[in-house]
Every structure is written in C-alpha cells, then in structure tokens.
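FYI, it's all coordinate maths here, none of it is from the lab. Since the model is a prediction, treat every value here as computed from it, not as a measurement. Positions of Cβ are backbone-derived with ideal geometry, glycine not excepted, and every protein chain shown enters the neighbour counts.
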Amino acid sequence: MKRYFITLISILALTGIIGTALASPPKNEESFSGNSITSSAKTVNINEAKEMLGSTELQLPTELPVNFYQDSIIYNEPTSVFSEKARSKVDIDELKEITIRYRDKTDNTSWIDYTTKKMEIEIMDEDAEDITINGVDGQFKNFPEQGYAAYNWFKDGVSHFIVAKNTPNEKVMKFIESIK
C-alpha cells in the first residue's frame, strides 16, 4: 500500500497553503516554478466534491462543534502535466483530494480543515502519538505553541486528515467520531 508521508513542516505548510487557497479567489490554471508543477485548487459545492472524487467516498461529519459551520470546500487535483513514466507509477486518482473548512462563527481564528483522499497519509514526526480513531489505528500530533493539532486515520481505502486551529481537542474528537 502506498503511503504519503507528511512531516511536521509539511503539515504547517499544508495549513498555510489551504488557508491561502481559502482566502484567495480560486484559479483554474496550473503554475510552473522551478522543478515543481502545482495545479490550482478550486472552490466547489458538496455535490461537485463527491462527483470529483469518483470512487473515493466522501464521508461527512454528522456533528459540528457549537457555533461551527461549513465555510468552504476546496478540490485539488494533481496537475495534468506528468510524464508517461510518472503516470505509469502513480495512480492519479489517489492524489485527488477534497478539503472542507469548518469555522467557528464566534471566533474566526478557530477552524477545522478536513481532508479526504484515496492515498494513505502518515504523520512522520517522532512526537506523533498512535491513537485509535473510529475503530482503526490513527495518529495525533499537537502543536500547542501555534494552536494547531493534526489527526489522521485510514479506513476503508480512504485517508482522513484533520488540521484544527484554536479548537479544543474534545470538540475535534466529537467531530471526528461523527464521521461515518
């Protein structure tokens, strides 16, 4: 099984990228810089998100923390510019992802980003704790100085990855436990 490794720096970078994508108007164009090629994320509605993920089931929480609402949905598809060699080694569908931001309407700095993708994600940080989430092995990493916490688990062929900011762990865990 393929694994997608995310380090501490990657988690914080991911949060910054998602925050930037959510704060900026979406672009439907690919960008090229140096040795990297990145496709731009686009804002979609929930029905479009489910359709775009194809065979990957988008599971949604049935319980939100008090005062939280669904703020935005971002779809990110890998770039269409891949060499034939790369395409033969990578299942492009595994790289497609949906990130849904839930925000506290009373505190704009408190939010939960929930990412779903087919490729298995693993937090590769020495301090990541192994925990059980929704009946399967998962991981938790706390960044108290920055107010972030990251959670991830892989169930039924789907990765679930959550980054929460300024949101108490007990609220995030209730949110996570409601994802079925």
Problem - Criterion violated by LYS180 - all others in (1) in contact (Cβ under 8 Å) with a residue 60 or more places away in the chain; (2) over 21 Å from ARG103 (Cβ atoms); (3) of a type outside the set (S, T, N, Q); (4) surrounded by 13 or more Cβ atoms within 10 Å (Cβ to Cβ) satisfied - result: (4)
Handout entry: Index of the failed condition, ASP156 passing every other in (1) at negative phi; (2) touching a residue at least 40 places away in the same chain (Cβ under 8 Å)
Key = (1)
Exercise for the section: Tally the residues that are of a type in the set (S, T, N, Q) and not in a strand (DSSP E or B), restricting the search to the stretch 126-180. Expected result: 6
